[in-house]
Every structure is written in structure tokens, then in C-alpha cells.
Amino acid sequence: MRESVPQVSAFAECLVRLGYRRLPPGPLLARDGGATLFTSVSAPAWRRFLTGHPRPEPGGAVVLQWVLNTSRLAHLPPGSPPSAQRTVGAAWTGRRPYQEALGDVLDALREAGTPPDDLTFLLRAEPQDGPPVTAALRGLGVRPGSIVRGTRLPDAPLRMEPELGPCLTVRRRSQGVAFAHCDGQCSCGCHLSVAHIQFAERRRTAGRVTPLRRPLFEVIVSEHALTQPIVPSDSPVPVGRSTPVPPLLGRLTAGIAELLALAGAAAGPSPVFLADVSSAASLLLGEGLAPGPRGGPYVLRWLIRTIGTELARHGLPPALLTSVIATAEFAYRAPLGFPELSARSWVYMAEERDAFLRVLVRGRNLLLRPGALSDRPGEAARQLTRLWSERGVPLALSLRWCREAGVEPSLLQLALAELADETRHRHEPAP
């Protein structure tokens, strides 16, 4: 496979050459119940982590960051890739001229393949702050028509407020499909936010806004908006609208596609989906986490079993999931500089794989036992939801077994059965 440097990495490397220091990602599991993989860019802790709070270090810091949102885990159809919010975060502690700080960002964007000519700058600032920022952008060659005043966009972090310092959202026209109603010839003119920038010069304390002794410059760049999905020309992954490959996952996606081909999977599991799930699972395993019933350990358990489910759903042995994680080890973790998985992590992996295989064997026997699948409407759907909630048998696999037995529960019946099951559990007295 031809090597290529992801644009998001090129952005970070450029900032490092300009004087920012590289930091590893923040805490793997946030203290809010384990809802994120690494600290979210929306959390105040993100800025504190980059600046060395409570004793801010002068100068800049930059870090690649991944987010794993587990607030709602879908069963049918398979959930979307979990780590879709990769970003680059950077902060500079200490006063810097607007033109110098913005020049660093434009240089990094240009090196990452996003020239300033393609960008629009949405400015939110107090009346006295706007003209200096506009003058700095003009001094960097930005056309006047590309600088507009606007309001907060939904994807902007809440902590970025004009009252605390001028804010910029850098936008570019979407060159591909951005919404469900778009197609390849979409002409709706929708734009994507490439970066969110703030010069934090003031703070709010007890309802009063006062100057910061040490101002901050912060920028958050989205990989999704900075780059276009790519498929290397010699990758075994078929090129098409349905198989976009995030740049950081290109090598891993190709490795998993080769693994599936060797296993005899001419068509079936999505290499992109498996790459995204296995990359997140390998990061959690690398932190020494063991699969478990709740919190962060449950996230890891769900990721591992999602891989096994996707394999089994297409007729491949779930035991192949160990090979998928091994592929993530050499095609994802190693190129990004993460240490090798420990022997203990591989033990956790093997134990979870074996436990999942036992669940599948027991679940299939229970579902296909004589009399379990009656002809009454909705009875098969109720059996499937009970197997999921009480035995942990994935609905996608139960559906496959039903079809093999000549029974086809409707998705409406499944939805009603799951709703009834959730209602029943909600009204059951606590043990």
C-alpha cells in the first residue's frame, strides 16, 4: 500500500515546527461516567490539559484527539463508526499578535491541503475586538469578502464566547455529501466548519468579566472537515460512495480488507466499519482496560463483541476478531507511536472472545429449541429482545438465525418488543 501522510497529521506537524510542543491525548476515560474516549474538545478540561493548568506553561501545545460517544448504542442496524470525531487541538499560552497566531493556522491548513482561498472566516467579537482581527486577516492576504460577521454555530464549543475574546469559525464549501438528502451532484452550497479559533483575553468570575493575566490562543480543527475521505489507488477496498475511508484509518482499513479476503469473505463485513471499531478497542486495551459490565469496561466489551457480531453476521467465525485486533496493532497503533499491547491485554482479549463465543452457542440453542419460535405475531420478536436483554445475544445474529429457520420478524415488531422490554425493566422494583 502506498504510504501517504494524513492531512490532519500534516496540520499538527506544521504547528510543531512553528514552536508548539506535542502532547499525548488527555485522560482516556473522562470522569463523567466514561462517555468519551479521551477528553472531549467541548469540555473545559481540554483547554486546561493543553495549557498545563493550574500552572500554565508559556508557549504552545498541540495534540491529536479522539472522541468515542457511547450515550446511545444502536442494535439494529449496526451502529455508525464510533470514533468519527477526530480532531486536532492546539493552544498557545501568552500574548501573541493576531496576525502571527492566525498566520500559523493558515500555514498549517495550507500544508494540510486546505488553501486560504477556499475558506470563509465567520467572526464573532465585541465591537472593539473585531477591527484588529479583520486587519490581521487582511494582512495575511484574506479577501475582504471572505470575512463575515455571524452568530455561534451549533458545532462551536460553548466556552468560545465573544465576551471573553474574539472568536473565528473557519468554513469551507463541502465538496462531497454532507447530509442524507445530498447526492453526488449536490448544489445546496452547504459549508463545513474546518476550525474554531478563540483569542481568550478575559475571564468571567462571579458574574464579572476581567482581563486574563496570561491570554490564550486556542484552535480546534476537525479531521472530517479538513480532509476528504480517501481510498488509496492500490487498496483492496472497493472505491465507491458507500466506502469512504477516514485518513487515519486508511492503512488499517486496507489491512482488514486483506484479512477478510484471506478468510474467504468475498463480500460482507465493511472493512471501514471494522477498522473504526477495532481502532477504538485497541486504544482502550492499550490502557490496560479489561472488558466488564458497566462504564468504560462495558464500552470495551461492546466494541469487541461488535467486531465478533459483524463477522458472524456474514458467516465468518467470530474467533477471527483476534486477528482483527492484531491487524489494528501493527497497522494503526504502531504507526501512530502507541506502545505494543501487553500480554495481559491479549489475555483480556482472549477471555472476552471465548465468553462471546459461549453466548452465541447458548443463544442459538435457546432460540432454535423446539417450540421457541411460534407462529403467533410478535412472539419471535419478543424472543429476540429477551435474548438480547437477558443473554447479551446480538439482535443482528438472532435475526440471521430466525431467517435460517424460516421465520422473519418485522422491524416494527422488534421495535415494539424492545420498547415493551425497556418499559418492563423500568417499572421493576430495584433489587
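The values are calculated or read from the model by the stated rules, or taken from the named source; none is laboratory data. Keep in mind that what you see is a predicted model, and the values were worked out from it rather than measured. Positions of Cβ are generated from backbone atoms using ideal geometry, with glycine treated the same way; all protein chains shown enter the neighbour counts. Ligands, DNA and RNA are stripped out before the accessible areas are found, and what is left, the full protein with its side chains, is counted by its heavy atoms. Shrake-Rupley method; radii C 1.70, N 1.55, O 1.52, S 1.80 Å.
Only one of these is open to solvent by 10 Å² or more (accessible area, probe 1.4 Å) and at pLDDT 85 or above: Thr253, Thr210, Thr243. Name it.
Working: Thr253 fails: open to solvent by 10 Å² or more (accessible area, probe 1.4 Å); Thr243 fails: at pLDDT 85 or above.
One residue alone meets the criteria, Thr210.
What do you reckon, is Leu357 surrounded by 12 or more Cβ atoms within 10 Å (Cβ to Cβ), modelled with pLDDT under 70 and under 19 Å from Thr309 (Cα atoms)? Against the criterion (surrounded by 12 or more Cβ atoms within 10 Å (Cβ to Cβ), modelled with pLDDT under 70 and under 19 Å from Thr309 (Cα atoms)), Leu357 does not qualify. Screening the candidates Arg55, Arg47 for the property of being at pLDDT 80 or above and surrounded by fewer than 19 Cβ atoms within 10 Å (Cβ to Cβ) yields one hit, Arg55.
Here is a yes/no grid of residues against (1) at pLDDT below 85; (2) buried (at least 17 other Cβ atoms within 10 Å of the Cβ); (3) more than 21 Å from the chain's Cα centre (by Cα); (4) not aliphatic (A, V, I, L, M):
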position	(1), (2), (3), (4)
Gly176	yes, no, no, yes
Ala206	no, no, yes, no
Glu223	yes, yes, no, yes
Leu226	yes, yes, no, no
Val231	yes, yes, no, no
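Of all residues in the range 288-311, those that are in a helix (DSSP H, G or I), modelled with pLDDT under 85, touching a helix residue (DSSP H, G or I) at 6+ places or on another chain (Cβ under 8 Å) and surrounded by fewer than 24 Cβ atoms within 10 Å (Cβ to Cβ) total 1. On the stretch given as the range 150-171, residues that are closer than 20 Å to Ala101 by Cα and either modelled with pLDDT of 90 or more or of a type outside the set (A, V, I, L, M) (or both) total 14.
Would the range 126-135 turn up any residue that is aliphatic (A, V, I, L, M) and in a loop (DSSP other than H, G, I, E, B)?
The first filter runs over the range 126-135 and keeps only residues aliphatic (A, V, I, L, M), leaving 133, 135.
Going one step further and asking which of them are in a loop (DSSP other than H, G, I, E, B), we end up with none.
Looking through the range 126-135, none of the residues is aliphatic (A, V, I, L, M) and in a loop (DSSP other than H, G, I, E, B).
Among the residues of the range 312-367, what is the count of those that are assigned to a loop (DSSP other than H, G, I, E, B) and of a type in the set (D, E, K, R)? Let's see the steps before the verdict.
Step one: filter the range 312-367 for residues assigned to a loop (DSSP other than H, G, I, E, B), giving 314-317, 334-342.
Right, trim to of a type in the set (D, E, K, R) and you get 340.
So the answer is 1.
Among the residues of the range 331-351, those identified as within 13 Å of Ser282 (Cβ to Cβ) and either open to solvent by less than 50 Å² (accessible area, probe 1.4 Å) or modelled with pLDDT under 90 (or both) are Ala331, Tyr332, Arg333, Ala334, Pro335, Leu336, Phe338, Pro339, Glu340, Leu341, Ser345, Met349. Please verify whether the range 21-44 includes one or more residues that are at pLDDT 85 or above and either crowded, with 16+ Cβ neighbours inside 10 Å or over 24 Å from Leu285 (Cβ atoms) (or both). Yes: one or more hits.
In the list Pro115, Pro97, which residue meets the criterion of being over 23 Å from the mean Cα position of the chain (by Cα) and over 30 Å from Tyr332 (Cβ atoms)? Before you say what the answer is, go through the steps one by one.
Numbers: Pro115 fails: over 30 Å from Tyr332 (Cβ atoms).
Checking each option against the conditions leaves just Pro97.
Cβ-Cβ contacts under 6 Å between residues 6 or more apart (or on different chains), taken from a first residue in the range 288-300 that is β-branched (Val, Ile, Thr) to a second residue that is surrounded by fewer than 21 Cβ atoms within 10 Å (Cβ to Cβ), are listed as Val299/Thr70.
Against the numbered list (1) without any contact (Cβ under 8 Å) to a residue 12 or more places away in the chain; (2) within 29 Å of Val209 (Cβ to Cβ), Val133 comes up short only at (1).
Look at (1) under 26 Å from the mean Cα position of the chain (by Cα); (2) basic (Lys, Arg); (3) farther than 27 Å from Glu258 by Cβ and you find that Arg333 fails only one, number (3).
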